[in-house]
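J.: Pasting a structure here, questions to come.
The values are calculated or read from the model by the stated rules, or taken from the named source; none is laboratory data. Because the structure is predicted, anything quoted here is derived from the model rather than measured. Here the Cβ positions follow ideal geometry from the backbone for every residue, glycine too, while neighbour counts run over all protein chains shown. Ligands, DNA and RNA are excluded from the accessible area calculation, which covers all protein heavy atoms including side chains. Shrake-Rupley method; radii C 1.70, N 1.55, O 1.52, S 1.80 Å.
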Amino acid sequence: MGRLVWTKYLWGTSRLFDRVREDNPDFHQKIVPISSELTQPALAISPEDVERLTSCVNIIFHCAATIRFDEPLKHALQLNVMATQQLLNLAQQMHHLQAFIHISTAYANCNRRHIDEIIYPPPVEPKKLIDSLEWMEDSIVCDITPRLIGDRPNTYTYTKALAECVVQKESSKLSIGIIRPSIVGASWQEPFPGWIDNFNGPSGVFIAAGKGILRTMRANNDAVADLIPVDVVINLTLAAGWYTAVHRPKAALVYNCTTGGINPFHWGEIEHHVMSSFKRNPLEQAFRRPNANITSNYLMNQYWILVSHKFPALIYDLYLRLSGQKPQMMRIFNRLHKAIGLLEYFSSQDWEWNSENMNMLMSHLSPEDRKTFNFDVRQLNWPEYIENYCIGTKKYVLNEDMSDIPAARQHLRKLRNIRYTFNTLLLVFIWRVFIARSQMARNIWYFVVSLCFKFLSYFRASSTLTN
Ligand SMILES: CCCCCCCCCCCCCCCCCCCCCC(=O)SCCNC(=O)CCNC(=O)[C@H](O)C(C)(C)COP(=O)(O)OP(=O)(O)OC[C@H]1O[C@@H](n2cnc3c(N)ncnc32)[C@H](O)[C@@H]1OP(=O)(O)O
Ligand SMILES: NC(=O)C1=CN([C@@H]2O[C@H](COP(=O)(O)OP(=O)(O)OC[C@H]3O[C@@H](n4cnc5c(N)ncnc54)[C@H](OP(=O)(O)O)[C@@H]3O)[C@@H](O)[C@H]2O)C=CC1
């Protein structure tokens, strides 16, 4: 439902709605936005709006949540659990409600390796937790949060697990479907390939790598990167709304909305395609040439952070200071490291999700509906998707013009020349300081050079023989 920001998207200039605007310029007349605030009693919905909702609504799609990984527990609990309970209460007053679709996350149970389409017992009884945190000061809650969330990485996944349990409790009174998307990425086909409008999940990582800021990150090359295009999630959600309303399942049906078990792709492959895509379609004003690597080795990552992040940031900030400007690069890197640190849990391991209900739902759709509400990720071509995703971050997140690509390429060439010059100067400096002053360093240097020369002569000789 969201707050009234919805209107900004619908009536405003968002390119997401270009196609629907073309097909049906008056489409906005079909939409009635309702103002709400999840942190307020009864969700702060006005009595007139409550009246309208209870008399008109057939299906609820409950998406509103805080998705921040660093949300204080009390706030996350309020937004993701208590607000869900309030919406369920409101849903029970709705005279014509046919289905309640709750958007959870595939990582709600990320403390398990294999995740079935069932609701697992909650880590704690939600009501008990809400009651006990109510009287506690924020500082105490903060202290006990790590103990409470246990083997989950953050308050987000913890509260999303509790929310599932709250929703399940109402399944005798409402027809309920729960959608669990994995890592939501840019659109695959609808309304056009590559649409994305935020820095969440991998998008911020891709952009930071494309800008040449991010050069290293901890991730497992061979772990499955369970990205799911946003239009697949929406299509599945709509289809689940239809199925729930028509078939009225007795228990809440859970749909793991994932790609890993059906059409797996790995972080190592993503790295390769992201980097080559940004080399073909560079972002404007890159800090350095895009050249990022993932590694699962902690020490290696720390080494590259020092050499490829902190050292260039220090030099650049020194340059800014000397030219009378405010240093900023170190601050940017500190924020980046904080964000990356919160994502590494998800990129360093993999999970197996069972997605039988996704298949079951597909089998219930008519061939025409299967096309209109396509969520068959077997057809997803990953390299093409990643290319469109990277172009999408450029066009729709950073609002860069594709016609400026030649200038961006020129900028990368300039950066390459700066790097060559810098490396040459560094080599000369090292030569002057170490090699020219010490006999032993000189001997090692001559030894290395003669070894290289011998190798070269050997290869030349052997290639002449084979010819
Ligand atoms: C080596 C590289 C190789 C490259 C190739 C790639 C190879 C593969 C590599 C592996 C990839 C792994 C990906 C795994 C993803 C797993 C996700 C699991 C998802 C679980 C699924 C879910 O169930 S779902 C929810 C997902 N939930 C999020 O994903 C929110 C996270 N996030 C936050 O929890 C907060 O964001 C956090 C961070 C605390 C900061 O918090 P913070 O307070 O410091 O900063 P803010 O977020 O408030 O941002 C303040 C302003 O910075 C702007 N900004 C933000 N990022 C920016 C950026 N990169 N560049 C420029 N600008 C940026 C922003 O737009 C704001 O701008 P403004 O102020 O104008 O609005
Ligand atoms: N992004 C992802 O990778 C994944 C997301 N999900 C789930 O999908 C759902 C949507 O997530 P996503 O679109 O990514 O996240 P967004 O942050 O973009 O959307 C969250 C929505 O919740 C609303 N909201 C947040 N706080 C309040 C509040 N206090 N009062 C009223 N409304 C509020 C926001 O309204 P406003 O726009 O006004 O701020 C926004 O419409 C969430 O339930 C999330 O858990 C699941 C798996 C993956």
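J.: Calculated FRET efficiency, ASP23 and LYS326, Cβ-Cβ r, R0 41 Å, to nearest 0.05?
T.: Efficiency computed from Cβ-Cβ geometry: 0.30.
J.: Arrange the peptides 169-182, 307-320, 343-356 so that the one whose residues have, on average, the most other Cβ atoms within 10 Å appears first.
T.: Put in order of decreasing packing, that is 169-182, 343-356, 307-320.
J.: On to the next question. At what distance in nm do the modelled label points of ASN334 and LYS128 sit from each other, each positioned 7 Å from its Cα along Cα→Cβ?
T.: Once both label points are built, they end up 4.1 nm from each other.
J.: Here's a follow-up. To the nearest 10 degrees, how steeply does helix 47-56 sit against the main Cα axis of the chain, on a 0 to 90 scale?
T.: 80 degrees
J.: Here's another thing I want to ask about it. Calculate what fraction, in whole %, of the accessible area of the range 125-248 sits on carbon and sulfur atoms when a 1.4 Å probe is rolled over the protein chains.
T.: Of all accessible area on the range 125-248, carbon and sulfur atoms account for 55 percent.
J.: Less than 13 Å Cβ to Cβ from LEU283, Lys/Arg counted +1 and Asp/Glu -1: what total charge do the surrounding residues give?
T.: Net charge around LEU283: +4.
J.: Rolling a 1.4 Å sphere over the protein heavy atoms, what is the accessible area per residue of the chain, to the nearest Å²?
T.: Heavy-atom accessible area per residue stands at 54 Å².
J.: Could you size up the charge dipole of the range 247-346 around its Cα centre, putting +1 on the beta carbon of Lys and Arg and -1 on that of Asp and Glu, and report it in debye to the nearest 20?
T.: Charge dipole of the range 247-346: 320 debye, to the nearest 20.
J.: Please list log₁₀ I(q)/I(0) at q = 0.11, 0.14, 0.17, 0.22 Å⁻¹ for the range 69-194, using the Debye equation with identical point scatterers on the alpha-carbon positions.
T.: -0.43, -0.68, -0.93, -1.29
J.: Here is a follow-up. What is the magnitude of the charge dipole of the range 122-223 about its Cα centre, with +1 placed on the Cβ of each Lys and Arg, -1 on the Cβ of each Asp and Glu, and no other charges, expressed in debye to the nearest 20?
T.: Computed about the Cα centre, the dipole is about 300 debye.
J.: Can you give the net charge of the other residues whose Cβ lies under 13 Å from the Cβ of ASP151, counting K and R as +1 and D and E as -1?
T.: Local charge sum for ASP151: +4.
J.: Based on Cα positions only, what radius of gyration and what Dmax would you give for the chain, in angstroms?
T.: Gyration radius and largest Cα-Cα distance of the chain: 26.9, 92 Å.
J.: Is the range 394-467 rounded, prolate or oblate when judged by the Cα gyration tensor, a ≥ b ≥ c being the square roots of its eigenvalues, rounded requiring a/c under 1.5 and prolate requiring a/b larger than b/c?
T.: oblate
J.: Could you give the length gained on full extension between ARG280 and ARG460, defined as 0.36 nm per residue of separation minus the Cα-Cα distance, in nm?
T.: Fully extending the segment from ARG280 to ARG460 adds 61.3 nm.
J.: Still on this structure, please answer the following. Pull up all non-local amide H partners of ILE176: gap of 5 or more, or a different chain, and H-to-H distance under 5 Å with H placed in the peptide plane.
T.: It is PHE100, LEU253, by chain and number.
J.: Under 1.5 on a/c is rounded, so check that first for the range 1-120, then, if it is not, pick prolate when a/b is larger than b/c and oblate when it is not; a ≥ b ≥ c are the square roots of the alpha carbon gyration tensor eigenvalues.
T.: Prolate.
J.: What does DSSP give for the chain in terms of the percent of beta bridges that are antiparallel, rounded to the nearest 5?
T.: Within the chain, antiparallel bridges account for around 5 percent of the total.
J.: What 222 nm value per residue comes from the helices of the chain, counting each DSSP H run with n ≥ 4 as -39,500 (n - 2.57) and dividing by all residues, nearest 500 deg cm²/dmol?
T.: One gets -15500 deg cm²/dmol as the mean residue ellipticity at 222 nm.
J.: Using Cα pairs closer than 8 Å and at least 6 residues apart in sequence, work out the relative contact order for the range 103-181, in percent.
T.: Relative contact order, the range 103-181: 59 percent.
J.: Take each of the peptides 228-235, 40-47, average the number of other beta-carbon atoms within 10 Å over its residues, and list them starting from the highest.
T.: Packing order, densest peptide first, comes out as 228-235, 40-47.
J.: Quick check: from the Cα gyration tensor, does the range 294-373 come out rounded (a/c under 1.5), prolate or oblate?
T.: prolate
J.: Explain nothing, just the number: dipole magnitude of the chain about its Cα centre with +1 on each Lys and Arg Cβ and -1 on each Asp and Glu Cβ, in debye rounded to the nearest 20.
T.: For this selection, approximately 2620 debye.
J.: Each residue of the range 312-318 in turn: what ³J(HN,Hα) in whole Hz from Karplus with 6.51, -1.76, 1.60 and θ = phi - 60°, glycine and Pro shown as x?
T.: x, 5, 4, 5, 5, 5, 5
J.: Once you place label points 7 Å from the Cα toward the Cβ at LYS30 and SER403, how far apart are they in nm?
T.: 3.4 nm
J.: For helix 230-247, what angle does its Cα long axis make with the longest principal axis of the chain, in degrees from 0 to 90 and rounded to 10?
T.: 20 degrees
J.: Please work out how much length the chain gains when fully extended from ARG437 to ALA44, using 0.36 nm per residue of separation minus the C-alpha to C-alpha distance, in nm with one decimal.
T.: In short, 133.9 nm is gained.
J.: Would you work out which of PRO25, GLN40, MET82 lies farthest towards the positive end of the dipole of the range 16-96? Charges go on Cβ: Lys and Arg +1, Asp and Glu -1.
T.: Looking along the dipole axis, the top candidate is MET82.
J.: Which residue, chosen from HIS273, TYR345, THR145, occupies the Cα position most advanced towards the positive end of the dipole of the chain, where the dipole is computed from +1 (Lys, Arg) and -1 (Asp, Glu) charges on Cβ about the Cα centre?
T.: Value: HIS273.
J.: Nearest 0.05, what FRET efficiency do ARG112 and SER348 give at R0 = 22 Å with Cβ-Cβ as r?
T.: 0.85
J.: May I ask for the distance between the Cα centers of the range 154-202 and the range 330-400, given as a whole number of Å?
T.: 12 Å
J.: Using only Cα atoms and rounding to the nearest 10 degrees, what angle (0 to 90) does helix 439-466 make with the longest principal axis of the chain?
T.: It is inclined by approximately 80 degrees.
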